[in-house]
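What follows is one structure encoded as structure tokens, with my remarks underneath.
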């Protein structure tokens, strides 16, 4: 069994996952990432915007609107269609990998198909 597809860092994966339900601004993304990851991923503002910049450059996220709140720009980010496909593919990859580790029968089947048998 070969596991193929994108491999995202935990912060990138959870930022994309946070945006699955629609556009959000930075502070809400940070809080949603903490919740979705069970507080395993905590992003400072600078880290979040570095992740968002990389995801934007990769065509996975886009700025969909901007407003001024208390004199500061608040940008709303959303998944692109490619971003949705990417996070869903990564979720499948992670679930498949988890099944191999947690399901002993499946693990044995995978190992049996990868072991050369004597002729």
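Could you grab me the full set of residues in the range 83-112 that are farther than 15 Å from residue 14 by Cα and in contact (Cβ under 8 Å) with a residue 24 or more places away in the chain? Steps first, please.
Residues of the range 83-112 that are farther than 15 Å from residue 14 by Cα, as a first pass: 96-112.
Residues satisfying the conditions are 96, 97, 100, 110.
Any residue in the range 55-72 that is at pLDDT 95 or above, in a helix (DSSP H, G or I) and closer than 17 Å to residue 10 by Cβ?
Yes, some residue in the range 55-72 is at pLDDT 95 or above, in a helix (DSSP H, G or I) and closer than 17 Å to residue 10 by Cβ.
Could you check residue 50 against (1) closer than 11 Å to residue 12 by Cβ; (2) surrounded by fewer than 15 Cβ atoms within 10 Å (Cβ to Cβ); (3) touching a strand residue (DSSP E or B) at 6+ places or on another chain (Cβ under 9 Å) and say which number it fails?
Single failed check for residue 50: (3).
Could you list, in sequence order, all residues of the range 5-35 that are crowded, with 19+ Cβ neighbours inside 10 Å, touching a residue at least 60 places away in the same chain (Cβ under 8 Å) and out of contact with any strand residue (DSSP E or B) (no Cβ under 7 Å at 6 or more places or on another chain)?
8, 13, 17
Just one of 41, 28 is in a loop (DSSP other than H, G, I, E, B), at pLDDT 95 or above and farther than 19 Å from residue 89 by Cβ; which is it? Break it down stepwise before answering.
On the way: 28 fails: in a loop (DSSP other than H, G, I, E, B).
Only one candidate passes the filter, namely 41.
The values are calculated or read from the model by the stated rules, or taken from the named source; none is laboratory data. Bear in mind the structure is a predicted one, so any value in this text is a computation, not a measurement. Using ideal geometry, Cβ is built from the backbone for each residue, glycine included, and neighbour counts are taken over all protein chains shown.
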